[in-house]
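Everything on this sheet refers to the single structure shown next.
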Amino acid sequence: MHFDPFEKEIMNKTWLNNPKFHLLFNESEQAIRLKVTLAIADKSWKSQTKNAVGGMIGLYLLEKQDHKIGLQDMIREPSFMPVMSVSEDYELNPNKNGYYIMPTTYQSKINGNFILSVTA
């Protein structure tokens, strides 16, 4: 994940490269409960990552805004885990712009196939 104080050079900025999935709900007065699961879908995952810490997976939850995505939009940081699957429970209030779910690894520039499941 890109964070300005740590990544000054433009070639190192990885924030916008992460996949993002837009959640948009019909306007309602009730909060919506979600369970989001991220699973690694690659048998060779462990051989692709050089260390267990860098290959840990997690989910960021961001509120979608009209401006460029930034850390100020973060609702919840991931609890990175060195496992093949993680799940997070959220209770979200519908808004006009929605939310982004962003799967990520702990270390930047680690790529791999994954499955994302959202149930409400």
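The values are calculated or read from the model by the stated rules, or taken from the named source; none is laboratory data. The structure presented is a predicted model; accordingly, all values stated were derived computationally and were not measured. Cβ placement follows ideal geometry from the backbone for every residue including glycine, while neighbour counts extend to all protein chains displayed. Side chains are part of the model used for accessible areas, which takes the heavy atoms of the whole protein and leaves out ligands, DNA and RNA. Shrake-Rupley method; radii C 1.70, N 1.55, O 1.52, S 1.80 Å.
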inquiry  = So in the range 78-120, with the set limited to residues that are more than 24 Å from residue 42 (Cβ to Cβ) and assigned to a loop (DSSP other than H, G, I, E, B), which one is least open to solvent (accessible area, probe 1.4 Å)?
reply    = 98
key: Residue in the range 64-74 that is assigned to a strand (DSSP E or B), touching a residue at least 24 places away in the same chain (Cβ under 8 Å) and either over 20 Å from residue 29 (Cα atoms) or open to solvent by 60 Å² or more (accessible area, probe 1.4 Å) (or both) present   = no
query = Under the condition of being hydroxyl-bearing (Ser, Thr, Tyr) and in contact (Cβ under 8 Å) with a residue 40 or more places away in the chain, which residue from the range 21-44 is surrounded by the most Cβ atoms within 10 Å (Cβ to Cβ)?
reply = 37
key: The one condition in (1) at pLDDT 85 or above; (2) over 23 Å from residue 111 (Cα atoms); (3) in a loop (DSSP other than H, G, I, E, B); (4) open to solvent by less than 80 Å² (accessible area, probe 1.4 Å) that residue 5 fails to fulfil   = (1)
message = On the basis of being touching a Ser or Thr at 6+ places or on another chain (Cβ under 8 Å), at pLDDT 80 or above and not acidic (Asp, Glu), does residue 61 make the cut?
response = no
request  = Output yes when any residue across the range 42-56 is within 13 Å of the chain's Cα centre (by Cα) and at pLDDT 90 or above, and no when none is.
outcome  = no
